[in-house]
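First up is the structure itself, then whatever we jot down about it.
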Amino acid sequence: MGKYALEHYSPYETYKIRPTSVPHSKAAVNPGRGQYRLVELTWEELEPHRGIYDLDRLKEALAEVHNPVLSIKQVVPSWLKKGMEEGFIHLIRRVASALSNEKLIGVAIPYEEGSQGVWDAYLEAFEGIPLLAGLEQEALLRYLKEKEYPFGLIVSCNEDNWVSCCEKFAGFRLQNTWQRMPVLLQIEEEEMGYPIPGYSLQGENIPGENIRRESLRWHAGLSSCPMDIGYDFTIRRLTYPKKIASKGALPLRFWLVNKGSAPCYLDYSLRLRLEREGEQREFVLNIDKGTWKVGDITHNEIISLPVLPLGEYYLSVGIFFSDESPMELDIRMEEKDGYYRLGTVEVCKDTPVDLAHAWDDFYPEGYYPLEDPQLPD
């Protein structure tokens, strides 16, 4: 493509920053990807006596592990004499009200025949937290599909049952589950402790060739064993003006790529920082996370700027979770406080082009807008 192609057209001078990606030799430490830990607690552990709850034990157990998945085992406590379903439903509601772990990956729904009341309690109580159903829980899957309630999956798999797992994905039409909720792999161990071929590595169980291949087709985001799966964001290109005006506008054209196998299901935001001589301004961008799946991601936005002292500023970009912790990006750039320094921009008194309306006459991607031909007079 020549230098006069429309892709290179812009009514103002721009920087085109192309950060270098950093190949990962192991799974990143970002929350919500890689390996998860199942936190299993029994009914009696959470409610040792009728009406007396030990929810501090629940919070401590979740805080001790990375990427926790909660599972409450519906084992009848010794003190219970009658009203099992009603008592367990009450426990579910109390547990849900106590959860504030923003990095909780999900809650596994137990499987009991004829326990639709319990399932409804999970759906009502854990609003905003992904609910996970086992791929073998066919009655539960049918019920959730009938209710049209979004749910994630826990896929118990090994080298012997991967074909049947694929059949269940197709039979229940679960191929697009990953677009809304996470798909987790529960790598099974062979009975009696004998290793499955391709599963052992320094004492850890790892999936074999078939499971590794199918996990990408299922868009699995986490696994019970160490695997480099899940989201993996990188910035392929950022285009912005070389000069901006104080109290003016800053047009930004992002090209990001999620190189991983699944979206990021945690809440996060894309932010911009302008920094100069100890003074810094931060801006939260208005992104549509619902479209940030896998592969190429584009985002175009014009930021309205406050009054800024004239001079040259560092321009940095970062992605942050709702608890203000930064996301590690797959780029080789200087990082500070979770922001990656991508370049500089000069703040002037005025600019030749009105940047706030610079995209009215051409598309941000660099193409002219097409117009229908006018009818003759």
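Among the residues of region 315-327 satisfying the criterion of being touching a Phe, Trp or Tyr at 6+ places or on another chain (Cβ under 9 Å) and open to solvent by 50 Å² or more (accessible area, probe 1.4 Å), which is modelled with the highest pLDDT?
From region 315-327, those touching a Phe, Trp or Tyr at 6+ places or on another chain (Cβ under 9 Å) are 315-322, 326-327; that's our starting set.
Filter again for open to solvent by 50 Å² or more (accessible area, probe 1.4 Å), leaving 322, 326.
Working: S322: 91, P326: 96.
Among residues in region 315-327 that are touching a Phe, Trp or Tyr at 6+ places or on another chain (Cβ under 9 Å) and open to solvent by 50 Å² or more (accessible area, probe 1.4 Å), the one modelled with the highest pLDDT is P326.
Is it the case, given these coordinates, that E335 is surrounded by fewer than 16 Cβ atoms within 10 Å (Cβ to Cβ), under 22 Å from the mean Cα position of the chain (by Cα) and under 23 Å from T20 (Cα atoms)?
Yes; evaluated as a whole, the condition is true for this residue.
Within region 138-184, being over 25 Å from the mean Cα position of the chain (by Cα) and assigned to a loop (DSSP other than H, G, I, E, B) holds for N158, E159, D160, N161.
Given the residues G87, G128, G117, which is the only one that is more than 24 Å from D228 (Cβ to Cβ), in a loop (DSSP other than H, G, I, E, B) and not aliphatic (A, V, I, L, M)?
Matching residue, one of G87, G128, G117: G128.
For Q280, the conditions (1) among the polar types (S, T, N, Q); (2) under 18 Å from R236 (Cα atoms); (3) open to solvent by 50 Å² or more (accessible area, probe 1.4 Å) are fulfilled apart from (2).
Annotation note: Cβ proximity below 6 Å between a residue of region 1-16 that is part of a loop (DSSP other than H, G, I, E, B) and a residue that is at pLDDT 65 or above (sequence gap 6+ or interchain) occurs for P11/V353; P11/A358; Y12/P241; Y12/V353; E13/K242.
Tell me, yes or no, whether region 352-367 has at least one residue that is of a type in the set (F, W, Y), at pLDDT 95 or above and surrounded by 11 or more Cβ atoms within 10 Å (Cβ to Cβ). No, region 352-367 contains no residue that is of a type in the set (F, W, Y), at pLDDT 95 or above and surrounded by 11 or more Cβ atoms within 10 Å (Cβ to Cβ).
In summary, R57 fulfils each of the numbered conditions (1) touching a strand residue (DSSP E or B) at 6+ places or on another chain (Cβ under 9 Å); (2) modelled with pLDDT of 90 or more with the single exception of condition (2).
The values are calculated or read from the model by the stated rules, or taken from the named source; none is laboratory data. Predicted, not measured: the structure shown is a model, and the values here were computed from it. A quick note on method: Cβ atoms are made from the backbone with ideal geometry, for glycine too, and the neighbour counts reach across all protein chains shown. To get the accessible areas, we keep the full protein, side chains included, count just its heavy atoms, and leave off ligands, DNA and RNA. Shrake-Rupley method; radii C 1.70, N 1.55, O 1.52, S 1.80 Å.
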